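Before any comments, here is the structure.
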Amino acid sequence: MNVSEAINTRMSCRAFLSTPVPEATVREIIEQARRAPSGGNLQPWFVHVLTGEPLRELVGIVRERAIGNPLGEGTEYNIYPPNLKEPYRSRRFKCGEDLYALLDIGRAERERRLRQYARNYEFFGAPVGLFFAIDRSMGTDQWADVGMFMQSIMLLAREQGLHTCPQESWAGWHLIVSEFLRLPPELMLFCGMSLGHRDESHPANRLRTDRAPIEEFATFHGF
Ligand SMILES: Cc1cc2nc3c(=O)[nH]c(=O)nc-3n(C[C@H](O)[C@H](O)[C@H](O)COP(=O)(O)O)c2cc1C
């Protein structure tokens, strides 16, 4: 698989088969992803990888705590800026609505929407869940570095025939996750990620999100 194929076939997978992923495969992916660039080569990423019993245990704890609190305990950072402006607001709205349409979940079906959202906290059935953390002293540049590390993992997963879903929604349970992983206080949970084999038959995985044409965001000089 070349880079273009990996980029073009990566998508946020929201239904996985239970087929396990061997430790060696995940290790290989992370081993390679270490080559991600970072400003000053700080490598400001920490990753926890869960499968089997620990994953089931965490999912069970969150499921219990989510009763009556389906959106989580609140985040430590703003997942989106307050009063998200256009065109970002419409883009966000559209990808959500397109997903619910594929799942045949209507606007007014709050219960079903919440249940679908709660699938985040089951890693969408994936056999592997990852958590990414960063030292609290780091700034925006280093958060970008962690993003590049995560994208490297997502592309390398494609090379292994696997799919992923990055999941900031896990930041909504940062206290529980941090305690469960025994993160030292100086580390802050940034994001979760599901990893596994895509359920090809699930309608959620038919979602192919739009992208703006390059004229909208790229400016070429001197060509
Ligand atoms: C940092 C980050 C966090 C995300 N968090 C979530 C999440 O919590 N739940 C979810 O279903 N999708 C999440 N997504 C997936 C985005 O919705 C998705 O990347 C976007 O709509 C583009 O679609 P694509 O990934 O299928 O190309 C996240 C993506 C990124 C990059």
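Data for the structure
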| quantity | calculated |
| --- | --- |
| Distant-in-sequence amide H partners of residue 15 (H built 1.01 Å from N, under 5 Å) | 199 |
| Surface share of carbon and sulfur [accessible, 1.4 angstrom probe, percent] for segment 1-130 | 51 percent |
| Highest-fluctuation residue, 24, 126, 33 considered, GNM on the chain with Cα pairs under 10 Å | 24 |
| Average Cα contact separation per residue, the chain, under 8 Å, 6 or more apart, as relative contact order % | 39 percent |
| Given charges at beta-carbon only (K, R positive; D, E negative), |dipole| of segment 106-148 in Debye | 440 debye |
| P(r) histogram, all alpha-carbon pairs of segment 11-66 included - 5 Å bins from 0, percent | 4, 12, 16, 20, 20, 14, 9, 4, 0 |
| Cβ charges +1 (Lys, Arg) and -1 (Asp, Glu), total dipole of the chain, debye | 500 debye |
| Helix runs (DSSP H) in the chain reaching 27 Å along axis by Cα, Kyte-Doolittle at least -1.0 | 140-159 |
| Equivalent ellipsoid dimensions for segment 46-103 as semi-axes, Å, which come from the Cα gyration tensor, largest first | 29, 16, 14 |
| Charge context of residue 82, other residues only, Cβ under 14 angstrom, K/R +1, D/E -1 | +3 |
| GNM top mover of 120, 205, 78 - the chain, alpha-carbon springs below 10 Å | 78 |
| Loop-located GluC sites (Glu not before Pro) in segment 166-217 whose Cβ has at most 13 other Cβ within 10 Å (DSSP) | 186, 200 |
| Rg followed by Dmax, in Å, when segment 149-223 is reduced to its Cα trace | 17.5, 53 |
| Residue among 134, 30, 67 with the largest mean-square fluctuation in a Gaussian network model of the chain, springs linking Cα atoms under 10 Å | 67 |
| Shape parameters for the chain, alpha-carbon atoms, Rg then Dmax in Å | 17.8, 58 |
| P(r), alpha carbons of segment 98-223 - 5 Å bins starting at zero, rounded % | 2, 9, 14, 17, 18, 15, 12, 8, 3, 1, 0 |
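The values are calculated or read from the model by the stated rules, or taken from the named source; none is laboratory data. Just so we're clear, the structure is a prediction, and the values are computed from it rather than from any experiment. Neighbour counts run over all protein chains shown; Cβ positions are idealised from the backbone, glycine included. Ligands, DNA and RNA are stripped out before the accessible areas are found, and what is left, the full protein with its side chains, is counted by its heavy atoms. Shrake-Rupley method; radii C 1.70, N 1.55, O 1.52, S 1.80 Å.
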